[in-house]
Amino acid sequence: MPFLADKTSIEWFKTLGQRSAFNPLDELRAQPALAYAFLAVRLLGLAIVVPIIEEFFLRGFLMRFVMAERWWEVPFGNVTRLAIIIGTGLPILMHPQEAVAALVWFSAVTWLMTRTRSIWDCILAHAVTNLLLGIYVISTGNWWLM
């Protein structure tokens, strides 16, 4: 692949997760109501929708699916080495620009899952983290993180 010749494999991997850095307050400044509505919907998705969907998929389904054919019978919070690898590795692939942060954060939430055995604790941790990230992005202008 000629376009990869000047990039290391890790640099190429990181380009897969580049975000648009869309700043609605700047791009939609001529329509401030639309800009703030867009931002509100984005924050709602970031802090509520994404944590619920990701946690139910990753911890509620996928990590238990790799453990047993009848995955729904695996008690939430039980893990195997393979489940931990999948539960940490997949999010790293989903967040290549933040691979180290994804490794640390998703490992911590996996620990929380095994400690509390509550998917709602995982969802709450994810929601609070994403809300704080959204506040950080808005206050610093690092739109590429959102």
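The values are calculated or read from the model by the stated rules, or taken from the named source; none is laboratory data. Every value quoted in this text rests on a predicted model; they were computed, and no experiment measured them. In this analysis, Cβ positions are derived from the backbone assuming ideal geometry, glycine residues included, and neighbour counts consider all displayed protein chains. To get the accessible areas, we keep the full protein, side chains included, count just its heavy atoms, and leave off ligands, DNA and RNA. Shrake-Rupley method; radii C 1.70, N 1.55, O 1.52, S 1.80 Å.
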Can you name the residue in segment 45-65 that is open to solvent by 30 Å² or more (accessible area, probe 1.4 Å) and free of Cβ contacts under 8 Å to residues at least 24 places away in the same chain and, of all such residues, is nearest to Leu132 (Cα to Cα)? Val49
Of the conditions (1) surrounded by 14 or more Cβ atoms within 10 Å (Cβ to Cβ); (2) within 29 Å of Leu39 (Cβ to Cβ); (3) of a type in the set (S, T, N, Q), Thr110 fails just one. Which one is it? (2)
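When only residues in segment 91-106 that are under 14 Å from Glu54 (Cβ atoms) and at pLDDT 90 or above count, which is most open to solvent (accessible area, probe 1.4 Å)? Can you show your working first?
First pass over segment 91-106, keeping only residues under 14 Å from Glu54 (Cβ atoms): 91-95, 102, 105-106.
Now restrict to residues that are at pLDDT 90 or above: 91-93, 102, 105-106.
Numbers: Pro91: 2, Ile92: 38, Leu93: 110, Ala102: 7, Trp105: 59, Phe106: 13 Å².
Of everything passing the filter in segment 91-106, Leu93 is most open to solvent (accessible area, probe 1.4 Å).
Can you confirm whether Ile123 is touching a residue at least 60 places away in the same chain (Cβ under 8 Å) and of a type in the set (Val, Ile, Thr)? Please lay out each step first, then the result.
On the way: touching a residue at least 60 places away in the same chain (Cβ under 8 Å): yes; of a type in the set (Val, Ile, Thr): yes.
Taking the combined requirement at face value, the residue satisfies it.
Each row is one residue, and each column tells you yes or no for (1) touching a residue at least 60 places away in the same chain (Cβ under 8 Å); (2) over 28 Å from Thr140 (Cα atoms).
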{"position": "Ala40", "(1), (2)": "no, no"}
{"position": "Met67", "(1), (2)": "no, yes"}
{"position": "Gly77", "(1), (2)": "no, yes"}
{"position": "His95", "(1), (2)": "yes, no"}
Given the conditions (1) modelled with pLDDT under 95; (2) within 18 Å of Leu133 (Cβ to Cβ); (3) open to solvent by 50 Å² or more (accessible area, probe 1.4 Å), every one holds for Leu34 apart from (2)
